[in-house]
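J.: Supplied in structure tokens, the structure appears directly below.
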Amino acid sequence: MIKIKTLLVAINAKYIHTSLAVRSIDVYCKQNNTNINVKEFTINNNEDTIINEIYAEKPDFLGFSCYIWNINLVLDLISTIKKLLPNIKIFVGGPEVSYEYEYIFEKGVDIVCIGEGEKTVKELVDNFNNKKCIDSSFKNIDGIAFKLDNNIIVTKDRELLCLDEIPFVYKDGLEGTEHKILYYEASRGCPYSCQYCLSSLEKGLRFLSEERVKQDLNFFLKNNVKQVKFVDRTFNCNKKFALMIWNYLIDNDNGITNFHFEISADIVDDEMLETLKRARLGLFQFEIGVQSTNDATLDEIKRKTNLQKLFDKVNKIKELKNIHQHLDLIAGLPFEDYEIFKNSFNDVFNVYPEQFQLGFLKLLKGSGLRINANKYGIVYKEKAPYEVLYTSLINYDKMNMLKSIEEMVETYYNSGKAINTIKYGIKFFNSSFDFFENLAIYWEENNYNNVSPSKMKLYEVIYTFLNNIDNIDKNILNEIVKFDILLNDNIKSLPTWINTDYNSNFKEKERLFYNNKENIEKYIPHLNNYDAKQLSRMCYFEKFNIDIENIINSNFNIIDKKETYILFDYYTKNDLIYKVKYHFLERGNFYEA
């Protein structure tokens, strides 16, 4: 019997992403004697390139994994492919088509997979192999909708798989994943009912067995994978399971791999903190969805969060100084006007997480907020990703201002370019939100939103912006901006608009420092095999007219104008903030030969 050719296509948001969904379906089908081929692209690939590669495969049965970031492109591809291969049958699956899928049949789609896809796709392919067409026999396949004789037929819900039945997606190796983020799933489902999220619609909460998880994680560790992102919706909702994984990763740490988890900080307890204390710097990073600090908003979107405990635990994790934290807010939620959102912004930003994500509400198909959008006065774009335009409480102009503020947060804070400059600058505004709002206004007034400023120009912009602020000490600002520049970039010389104020023997001090073996052994022993000339290229020796160390430790509350020297080591990165390491050099005769 000649089997039909099945091709499953993933179109990722970025090159560094990999599709967990299509890989999971692929390994499940192969384990169960059903063969499919897989191709991965990105939304940045040329549309004709994608079409040509699919056409070259001449598939009989073609499937697409659909999400908000790729659905528009997928539908365009389908319309073209149907013209090129008129006998092809096309199926789609994924969160973007599992709800409100009726319209999808008008776009040339033949079958929609609803919900979990591994077993569904296997049965689809097997049935199509036998029939070579779509007929009434497809009614026996659970979890699909298909069109037959101009009628849409929806079959009964598919029973959920035991996760251990799905093979490890990387069991055949890591070919094709070089320099990419790997995704891993230890559980499915979520115990919460957040109304902006589709996870609230999933049934049950399932976990892989302990034996299976350890076996999978051992693979990542043995292969020195750079980063693994757990896609579990609330990783620590099962304390025993979370502790088992964290302890295993800590005890078997390879010194290289980083593991990313989405957690609820408010349910982190003392036992978890004791475990996390043992983790290597850079082993773990946490994404924590705060979304809002307005109690009425949290109640309405059914997000059960104890904010006091959340911020307490975020601060305790921060005190460990070994875990990167990424905190999220969502603009456009019910009962939140501009001023209330401003309070949420300040509450989250003032924790100074390593990353602060200011996102905008997406009205996902099937979500409670999309269903009740009119009730809350939420107006959103008709095309994916269905982002909020405005609400009854935040008009379009204000929403645009929030987007400008988000751009400033990304440009200067999340990039790490000007963290210390920001902390100092905020002291001259009523709040962190006011600082970013005024910076955004300055940015637009000077038309920087229509150009792409160079890296050094970005520093000049924030330097000039703050120089115009009343009561700011321009000399202190100069030193802090200089520190941020050197913290981020191994430059040959500082820009001319920075005052360096070197005395006549500065270069001699630098030369003597690099030639002093005791200094090298004390501050940068990992570079002791290099000579002074090489060290001067790998490091940067700089004088400051303020005590940067004291300023940072006092959260910019104590300004001590004292001559200090700092050595920036561009050979070594700090695994928490991904910036260069630096050393505050002891005062006195540290530079003497």
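J.: Amide H to amide H under 5 Å from Glu287: which residues, 5+ apart in sequence or cross-chain, H placed 1.01 Å off N in plane?
T.: Phe261, Glu262, Ile263, His326
J.: First measure r as the distance between the Cβ atoms of Asn346 and Asp126, then evaluate 1/(1 + (r/R0)^6) with R0 = 56 Å and state the FRET efficiency to the nearest 0.05. Numbers along the way, then the final one.
T.: Numbers: r = 56 Å, r/R0 = 1.01.
My answer for the efficiency is 0.50.
J.: With +1 on each Lys and Arg Cβ and -1 on each Asp and Glu Cβ, how big is the dipole of the chain about its Cα centre, in debye rounded to the nearest 20?
T.: On the way: 74 positive and 84 negative charges, 226 e Å.
The dipole magnitude comes to about 1080 debye.
J.: Taking a ≥ b ≥ c as the square roots of the eigenvalues of the Cα gyration tensor of segment 278-431, is the shape rounded (a/c under 1.5), prolate (a/b larger than b/c) or oblate?
T.: prolate
J.: What percent of all Cα-Cα pairs in segment 249-315 falls into each 10 Å bin, going from 0 up to the bin containing the maximum distance?
T.: For segment 249-315, the pair-distance distribution reads 18, 44, 25, 11, 1.
J.: Still on this structure, I have one more. Tell me which residues come under 5 Å, amide H to amide H, from Val580 once H is placed; ignore anything under 5 positions away on its chain.
T.: Result for Val580 returns Asn574.
J.: What is the antiparallel percent of DSSP beta bridges lying wholly in segment 1-136, to the nearest 5? Write out the running numbers ahead of the final one.
T.: Numbers: 0 of 18 bridges.
Antiparallel bridges: around 0 percent, rounded to the nearest 5.
J.: Grab the eigenvalues of the alpha-carbon gyration tensor for segment 116-174, scale each by 5, take roots, and send me the semi-axes largest first in whole angstrom. Spell out each step's value before the answer.
T.: Numbers: eigenvalues 141, 40, 14 Å².
Rounded to whole Å, the semi-axes are 27, 14, 8.
J.: Something else: How large is Rg/Rh for segment 464-515, to two decimals, with Cα atoms and a Kirkwood Rh?
T.: Numbers: Rg = 13.6 Å, Rh = 12.9 Å.
Radius of gyration over Kirkwood radius for segment 464-515 works out to 1.05.
J.: With +1 on each Lys and Arg Cβ and -1 on each Asp and Glu Cβ, how big is the dipole of segment 1-102 about its Cα centre, in debye rounded to the nearest 20?
T.: On the way: 10 positive and 11 negative charges, 82 e Å.
The dipole magnitude comes to about 400 debye.
J.: Compute the distance from the alpha-carbon center of segment 116-134 to that of segment 9-71, in whole Å.
T.: Computed from Cα coordinates, the inter-centre distance equals 17 Å.
J.: With a 10 Å radius around each residue's Cβ, average the other Cβ atoms per peptide and rank 539-550, 247-258, highest first. If you can, show how the numbers build up before the last one.
T.: Details: 539-550: 19.9, 247-258: 15.0.
Per-residue Cβ counts within 10 Å, averaged per peptide and sorted highest first, yield 539-550, 247-258.
J.: Rounded to two decimals, what ratio of Rg to Rh does the chain give with C-alpha atoms and a Kirkwood Rh? Write down the numbers at each step before the final one.
T.: Details: Rg = 27.4 Å, Rh = 27.1 Å.
Value, to two decimals: 1.01.
J.: Using modelled amide H (1.01 Å from N, peptide plane; none on Pro or chain starts), what sits under 5 Å from the amide H of Leu8, excluding residues fewer than 5 places away?
T.: Asn37, Val38, Lys39, Gly63
J.: My understanding is that a pair violates if its Cα-Cα distance is over 18 Å; which of Lys180/Lys383; Lys3/Lys107; Lys5/Lys122; Lys180/Lys362; Lys417/Lys455; Lys58/Lys89 do that in this structure? Write down the numbers at each step before the final one.
T.: Details: Lys180/Lys383 29 Å; Lys3/Lys107 26 Å; Lys5/Lys122 13 Å; Lys180/Lys362 26 Å; Lys417/Lys455 9 Å; Lys58/Lys89 11 Å.
Where the Cα-Cα span goes over 18 Å, the pairs concerned are Lys180/Lys383; Lys3/Lys107; Lys180/Lys362.
J.: Check the chain for me: any Cys whose beta-carbon has no other cysteine beta-carbon within less than 4.7 Å?
T.: Cys29, Cys66, Cys113, Cys133, Cys162, Cys190, Cys237, Cys539
J.: For segment 391-440, place one equal point scatterer on every Cα, skip the solvent, and apply the Debye formula. What is log10 of I(q)/I(0) at q = 0.25, 0.30, 0.31 Å⁻¹?
T.: Relative scattering, expressed as log10 I(q)/I(0), comes to -0.91, -1.11, -1.15.
J.: Separate question: State, to one decimal in nm, how far the label point of Ser137 lies from the label point of Thr155, with both points 7 Å from Cα in the Cβ direction.
T.: Output for this residue pair reads 1.2 nm.
J.: Could I ask something else about it? Roughly how many Å² is the accessible area per residue of the chain, as a whole number, for a 1.4 Å probe? Intermediate results must be reported in sequence, preceding the final value.
T.: On the way: 26890 Å² over 593 residues.
Dividing the accessible area of the chain by its residue count gives 45 Å².
J.: Whenever you get a sec, compute what percent of the accessible area on segment 417-488 sits on carbon and sulfur atoms (1.4 Å probe). Walk me through the intermediate numbers first.
T.: Values: 1120 of 2860 Å².
In segment 417-488, the share of accessible area belonging to carbon and sulfur is 39 percent.
The values are calculated or read from the model by the stated rules, or taken from the named source; none is laboratory data. Note that this is a predicted model, so its numbers are computed, not measured. Virtual Cβ from ideal backbone geometry, glycine too; neighbours counted across all protein chains shown. Just so you know, the surface numbers come from the protein's heavy atoms only, side chains and all, with ligands and any DNA or RNA stripped out. Shrake-Rupley method; radii C 1.70, N 1.55, O 1.52, S 1.80 Å.
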